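Asker: Just dropping this structure here.
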Amino acid sequence: MIKINLLPYRDIQKQEKIWFQFFSIISAVILALLIVGVVHWRFVSYENVLKVQKDDLTNEIAELDKKIGQIDKIKSQKSEIERKLSVIDMLNNKRIYATDFLYKVANAVPDKLWLVTVEEREKEVVFTGEAELAAYVSDFMNRLTNTGLFKTVTLVSLEQSSKGESKVIRFTLNTVKVENGTKP
């Protein structure tokens, strides 16, 4: 005998499979959406972190630019101060040279000889003065040569004139300075 099962268990199994597949697909879609949402959230948070870092770096660059500007200003002030110091050193050297020059010339002047003018040019010095005797002028020329300041001492003019009741010798000397690395 043939048995017929009139219970719809196959239909029920088929429907259960359909529901299972439906829930599996829905679960998979929800899981996929959840994964996409988490990944998206991670990228957005990472992007926000990068934006914050970018803003921090931009602020730091702006601060460093200000510091660089201050450093450049300080460098320009430093170069200006160095230039001023070099001018001061040059003036100090000239002052020392002038003091030494006048001291040596003053020591070279014999008694009874008077300097009227001392005119300094680049490489030469012109002395004009008066003396009681021509021998004093000669002595002055020798003393100038011995100072070490001049290469040559040349007598340009020598003339006798009256000054009140006494006679004086007026003279003009032309000298060439020694070139020396220590002089300005």
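Asker: Considering only Phe20, Phe150, Phe127, give the residue with the highest GNM mean-square fluctuation for the chain, with springs between Cα atoms whenever their separation is below 10 Å.
Answerer: Phe20
Asker: When the helix-only estimate is applied to the chain (DSSP H runs of n ≥ 4, each -39,500 (n - 2.57), divided by the residue count), what is the mean residue ellipticity at 222 nm, nearest 500 deg cm²/dmol? Walk me through the numbers before you get to the answer.
Answerer: On the way: 2 runs with 113 residues, N = 184.
After summing the helix terms and dividing by residue count, I get -23000 deg cm²/dmol.
Asker: Provide Rg over Rh for segment 106-184; use the alpha carbon set for both Rg and the Kirkwood Rh (inverse mean inverse pair distance).
Answerer: Numbers: Rg = 13.1 Å, Rh = 13.0 Å.
Computed over Cα atoms, the ratio is 1.01.
Asker: Okay, moving on. Largest first, what is the accessible-area ranking of Met1, Met141, Met90 with a 1.4 Å probe?
Answerer: Met1, Met90, Met141
Asker: Ok, one more. Dividing the alpha-carbon Rg of the chain by 2.2 N^0.38 Å yields what?
Answerer: Ratio of Cα Rg to 2.2 N^0.38 Å: 3.34.
Asker: Moving on to the next point. Using alpha carbons only, how many degrees (0 to 90, rounded to 10) separate the axis of helix 134-146 from the longest principal axis of the chain?
Answerer: The helix 134-146 is inclined about 30 degrees to the chain.
Asker: What does the charge count near Leu113 come to, summing +1 for each Lys or Arg and -1 for each Asp or Glu among other residues with Cβ under 14 Å from its Cβ?
Answerer: Values: positive: Lys112, Arg143, Lys163, Arg170; negative: Asp111, Glu130, Glu132, Asp139.
Around Leu113, the surrounding residues sum to 0.
Asker: Along the charge dipole of segment 81-184, Cβ charges K/R +1 and D/E -1, which of Leu155, Ile88, Phe171 sits furthest on the positive end?
Answerer: Ile88
Asker: Taking 0.36 nm per intervening residue step and subtracting the Cα-Cα distance, what contour gain separates Lys3 from Val49 on full extension?
Answerer: Extra length from Lys3 to Val49 when fully extended: 9.3 nm.
Asker: Taking the chain as the reference, fit the longest principal axis to its C-alpha atoms, fit the long axis of helix 9-108 to the helix C-alpha atoms, and give the angle between the two in degrees, 0 to 90, nearest 10.
Answerer: 0
Asker: If I stretch the segment between Lys123 and Arg95 completely, what's the gain in nm (0.36 nm per residue apart, minus their alpha carbon distance), one decimal?
Answerer: 8.4 nm
Asker: Next question, about the same structure. What net charge do the residues around Lys167 carry, taking every other residue with its C-beta under 14 Å from that of Lys167, with Lys and Arg at +1 and Asp and Glu at -1?
Answerer: -1
Asker: While we're on this one: Work out the P(r) tail for segment 1-95: percent of alpha carbon pairs separated by more than 18 Å, whole number. Before the final figure, lay out the partial values.
Answerer: Values: 3477 of 4465 pairs.
Summing the P(r) tail past 18 Å for segment 1-95 gives 78 percent.
Asker: Please turn the phi angles of segment 164-179 into ³J(HN,Hα) values with the Karplus equation 6.51 cos²θ - 1.76 cosθ + 1.60 (θ = phi - 60°), one per residue in order, whole Hz, x for glycine and proline.
Answerer: x, 8, 9, 9, 10, 9, 9, 9, 9, 10, 10, 10, 10, 6, 6, 7
Asker: For segment 1-81, what number of Lys pairs, 8 or more residues apart or on separate chains, have alpha-carbon atoms under 22 Å from each other?
Answerer: Value for segment 1-81: 7.
Asker: Going through the cross-link list Lys112/Lys167; Lys112/Lys177; Lys104/Lys163; Lys94/Lys177, which pairs have a Cα-Cα distance over 19 Å in this structure?
Answerer: As for pairs spanning more than 19 Å Cα to Cα, those are Lys112/Lys177; Lys104/Lys163.
Asker: Let me ask something additional. Determine the share of the chain's accessible area contributed by carbon and sulfur atoms, expressed in whole percent, with a 1.4 angstrom probe.
Answerer: 60
The values are calculated or read from the model by the stated rules, or taken from the named source; none is laboratory data. Worth saying up front: this structure is predicted, and the values here are computed from it rather than measured. Positions of Cβ are generated from backbone atoms using ideal geometry, with glycine treated the same way; all protein chains shown enter the neighbour counts. Accessible surface areas use protein heavy atoms only, side chains included; no ligands, DNA or RNA. Shrake-Rupley method; radii C 1.70, N 1.55, O 1.52, S 1.80 Å.
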